[in-house]
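The values are calculated or read from the model by the stated rules, or taken from the named source; none is laboratory data. Values in this document were obtained by computation on a predicted structure and should not be read as measured data. When the accessible area is computed, the model is the full protein with side chains, heavy atoms only, and any ligands, DNA or RNA have been set aside. Shrake-Rupley method; radii C 1.70, N 1.55, O 1.52, S 1.80 Å.
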Amino acid sequence: ASGMSSELLDSYEEGTWTPVFQNVTVSTYGHQSGRYTKVGRFVYCVGQITVDGGLDNTDGSAVNIGGLPFNGDNSHDAAHLTLGRYTSILTQAAIDSFTNVRFNGDSIWPYEGNNDDITYTNCNSSGILQFAISYAM
């Protein structure tokens, strides 16, 4: 389009980040890794959290993935979360009920049905969560 300049991609960055489960006790993380790409004000992340043991699955608070590399714009409470192939920390019933998310700018929460939290009671005490997240800053 006319009027575009070479500065369009001046705001491009790649890096790593460390995803965590927030608002819950985790005895032993086995693996936490993430990569991100930021283009302009959009952030695209992939990550994996592996819990070797001790996730408190009696905790009724919402599953909350934190540690995002940038604070996002949550004015529309919208972001995109896709679960990866190896997602054994969530029970199959929780995976089947996953429909949308809550995004509060620095973390993302998987929801089910009519905006109900998927809670840590819907998790196994150990397992893997692989995911991709995209959001606007």
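What part of the accessible area of the chain, given as a whole %, is carbon or sulfur when the probe is 1.4 angstrom?
47 percent
Give me the accessible area of Leu55, 1.4 Å probe, in Å² rounded to the nearest 10.
Near enough 10 Å² of accessible area.
Under 5 Å between amide hydrogens, which residues at least 5 positions from Phe42 or on another chain qualify, with H placed 1.01 Å from N in the peptide plane?
Answer set, sorted by chain and number: Met137.
Averaged per residue, what accessible surface does segment 16-137 expose to a 1.4 Å probe, in Å²?
47 Å²
For segment 17-105, take N as its residue count and report Rg(C-alpha) divided by 2.2 N^0.38 Å.
1.12
Relative contact order of segment 44-137: what whole-number percent is it, with Cα pairs under 8 angstrom and at least 6 residues apart?
This gives 49 percent for segment 44-137.
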